[in-house]
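The values are calculated or read from the model by the stated rules, or taken from the named source; none is laboratory data. Worth saying up front: this structure is predicted, and the values here are computed from it rather than measured. No Cβ is skipped: glycine too gets one built from the backbone with ideal geometry, and neighbour counts run over all protein chains shown.
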Amino acid sequence: MQTIELAKEDVAIANSDDRQTRWPNPKGQDSRLKKGKSQSSSQSPRKGTARKRPEREKSARQLAFEALRAIDRGAFADVVIDRKLNGSKLSAQDKGLVTELVYGSVRRQRTLDALIDQFGTRKASQQQADLLQILRLGFYQLRYLTHVPDHAVVDTTVQLAKAQRLGKLSGVVNGMLRGYIRQSSALETSKAD
């Protein structure tokens, strides 16, 4: 009964005309905050903790990257994909893209690693784990997915590298993927002649 009475008291205080709202503090102390004013962004509710930003919905390529990272660490592909897709708000088309990217990258891993060896200064086995997964995604899209334009693949893959805070390695991603595009367009031109 005491909790109900406390709740009524808090509602009564919140509805009062004294322009102040009293919020109970977990330590039992009262915190006062004027109506209409909020704490500044530099102040956090508790000292030493930062406010969490609202999380943006992850893109199809971001989910595919996270799934590939989990698979690389020993998870089963079907289980990872199921968990990622059930927890997302992606459209059916984007869910299909995630599935294609993950299964295709796993299926064609040796071919993709050979492309990384060919266009990179380091072999695939020497690449940083996150960078390797991002490169595999990019090369898979360029080589096997015809419905995605090359410039879009390069841009989204570079943005994915930047989102993973790979810093200057995003330039490496850009250079390797553009090198592949140049070589493949040169081969198509020579076949046309």
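Quick check, is Ala92 loosely packed, with under 14 Cβ neighbours inside 10 Å and in contact (Cβ under 8 Å) with a residue 60 or more places away in the chain? No, not satisfied.
Return yes or no: is Tyr144 over 22 Å from the mean Cα position of the chain (by Cα) and surrounded by 13 or more Cβ atoms within 10 Å (Cβ to Cβ)? Against the criterion (over 22 Å from the mean Cα position of the chain (by Cα) and surrounded by 13 or more Cβ atoms within 10 Å (Cβ to Cβ)), Tyr144 qualifies. Regarding Lys35, is this residue at pLDDT below 95, among the charged types (D, E, K, R) and within 30 Å of Leu145 (Cβ to Cβ)? For Lys35, the condition - at pLDDT below 95, among the charged types (D, E, K, R) and within 30 Å of Leu145 (Cβ to Cβ) - is not met. Checking each residue in segment 153-180 for being without any contact (Cβ under 8 Å) to a residue 24 or more places away in the chain, under 17 Å from the mean Cα position of the chain (by Cα) and assigned to a helix (DSSP H, G or I) picks out Asp155, Val158, Gln159, Lys162, Ser170.
Among residues of segment 100-129 that are charged (D, E, K, R), those with a Cβ under 6 angstrom from a residue that is at pLDDT 95 or above, sequence gap 6+ or separate chain, pair up as Lys123/Asp117. Would you check if there is a residue in segment 95-118 being closer than 16 Å to Asn174 by Cβ and more than 17 Å from the chain's Cα centre (by Cα)? Yes, because at least one residue in segment 95-118 is closer than 16 Å to Asn174 by Cβ and more than 17 Å from the chain's Cα centre (by Cα). Residues of segment 129-141 that are surrounded by 18 or more Cβ atoms within 10 Å (Cβ to Cβ) and under 17 Å from the mean Cα position of the chain (by Cα): Asp130, Leu131, Leu132, Gln133, Ile134, Leu135, Arg136, Leu137, Gly138.
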